Amino acid sequence: MNFTYYIPTRILFGRGTLNELHTQKLPGKKAMIVTTAGKSIRKYGYLDRVSEELAKAGVSIVLFDRIQPNPVKQHVMEGAELARRKQCDFIVGLGGGSSIDSAKSIALMATNEGDYWDYIAGGTGKAQVPQNRPLPVIAITTTAGTGSEADPWTVITKEETNEKIGFGYDDTFPVLSIVDPELMASVPPSLTAFQGFDALFHSTEGYLAQCANPVSDALSLKAIELIGKHLPSAVRNGKDMAAREGMAIANTLSGMVESTSSCLSEHSLEHALSAYHPDLPHGAGLIMISQAYYTHFAQAHACDSRLIDMARALGKKDATHPMDFVIALVQLQVACGVDNLKMSDYGIRREDLPVMAKNARDTMGDLFLLDPIALSEEDCIAIYEQSYR
């Protein structure tokens, strides 16, 4: 029952809240907008709208639009150098988790010396303590997936070594986040599903983690319930604003779960897959391994009551057995059309699975310490093998 609750982010939630950005107390007069290299942010007018809101508030902008779906260290360093050169006061992450995560990492390196990997704990990181506070970050999310608007975490890949590692501490929480479901209506069905399952697994992992507590439990179960209810509708009809709203709040709650509990080794195992294969969407990788992953814990009877709780939250009200959660999970994947994803479609080879299992433990091994029971490297390989198609 001992835990610490700390989520200092001001969150504006609801349809149309992007229009309130200019009314907020902003942390400076010159912002760098960090967004992806894709076309959607411009195509749907989100970049123009954010720029106009900042202009109304008397804020000038610098644009950094090189971020990839699986963001990399090179772009963090480039963005930080630009922010320093242009003397930006704060960073605005506009887009999904990749943009917001990158904004946090850029904010860190805009005020601290050396290389980003100097501050990473895990893999080849040096685990140094930042000497200066990062620039303030404003998060404007256009997806319901990572919950990055409500947590301090950022996940970046070091390209040279295929290390995809999370980082974060109190000072990397956004100071302000805008969660406007209207910005999510343009996300296509497949990405809606991938992102929605990412949010789901933040909450399921947070509920099973050994550091779970009454606050994170309540947040987890509510997020799971909302995702089970709204994700299929959001996938079928992206203009269904009730479904988008339900997924948006579920996603923000899942970010709060990450702030009060933790992810588990499921995320470590997926990070290894997409570190080596950056075209693999993070949520898709999680879906691929999820059935085998949760079956492992169910068959080991490591957390029976909690798996049953999650099955009931996901909609299987008569659940009495831990495998009922796996059944409910697969049913949700079928309903969202993502039950037949194949690792081989993304270039993953069966013979490389042991290398990735080792990578998962070497880079994000700390998450394994929070699993309901210990997973060996052989267990990890077996989960990959059972998931491989």
task = Select, from PRO152, PRO130, the only residue that is within 22 Å of LEU176 (Cβ to Cβ) and open to solvent by 10 Å² or more (accessible area, probe 1.4 Å).
result = PRO130
inquiry  = Restricting to segment 67-118, name every residue that is surrounded by fewer than 21 Cβ atoms within 10 Å (Cβ to Cβ) and out of contact with any strand residue (DSSP E or B) (no Cβ under 8 Å at 6 or more places or on another chain).
reply    = GLN74, MET77, GLU81, ARG84, ARG85, THR111, ASN112, GLU113, GLY114, ASP115, ASP118
query = Of the residues in segment 94-120, how many are assigned to a helix (DSSP H, G or I) and either in contact with a Leu (Cβ under 9 Å, 6 or more places away or on another chain) or in contact (Cβ under 8 Å) with a residue 24 or more places away in the chain (or both)?
reply = 16
remark   = All-but-one check, LEU264 against (1) touching a Cys at 6+ places or on another chain (Cβ under 7 Å); (2) open to solvent by less than 10 Å² (accessible area, probe 1.4 Å), failing number (1)
inquiry  = So GLY145 ticks every box in (1) buried (at least 24 other Cβ atoms within 10 Å of the Cβ); (2) at pLDDT 95 or above but one. Which box is left unticked?
reply    = (2)
task = Output the residue which, of all residues in segment 202-224 that are touching a Gly at 6+ places or on another chain (Cβ under 8 Å) and in a helix (DSSP H, G or I), is surrounded by the most Cβ atoms within 10 Å (Cβ to Cβ).
result = HIS202
query = Would it be correct to say that GLU258 is open to solvent by 10 Å² or more (accessible area, probe 1.4 Å), touching a residue at least 24 places away in the same chain (Cβ under 8 Å) and charged (D, E, K, R)?
reply = yes
note = Quick count over segment 177-195, residues being more than 15 Å from ALA242 (Cα to Cα) and either of a type outside the set (Val, Ile, Thr) or touching a Pro at 6+ places or on another chain (Cβ under 8 Å) (or both), is 8
ask   = In the set ALA250, ALA242, ALA272, ALA234, which member is out of contact with any Cys (no Cβ under 6 Å at 6 or more places or on another chain), surrounded by fewer than 24 Cβ atoms within 10 Å (Cβ to Cβ) and modelled with pLDDT of 95 or more?
value = ALA242
request  = Filter segment 28-66 down to residues that are in a loop (DSSP other than H, G, I, E, B) and in contact with a strand residue (DSSP E or B) (Cβ under 6 Å, 6 or more places away or on another chain) and give me whichever is surrounded by the most Cβ atoms within 10 Å (Cβ to Cβ).
outcome  = VAL59
Near pairs, Cβ below 8 angstrom, 6+ apart or cross-chain, from segment 31-58 (at pLDDT 95 or above and of a type outside the set (D, E, K, R)) to any residue that is in a loop (DSSP other than H, G, I, E, B) and open to solvent by 70 Å² or more (accessible area, probe 1.4 Å) = MET32/LYS86; THR36/GLN68; THR36/PRO69; GLY58/LYS29
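The values are calculated or read from the model by the stated rules, or taken from the named source; none is laboratory data. Given the structure is predicted, the values throughout are model-derived calculations rather than measurements. When we count neighbours, we look across all protein chains shown, and the Cβ atoms used for this are built from the backbone with ideal geometry, even at glycine. We work out accessible area using only protein heavy atoms, side chains counted, and drop any ligands, DNA or RNA first. Shrake-Rupley method; radii C 1.70, N 1.55, O 1.52, S 1.80 Å.
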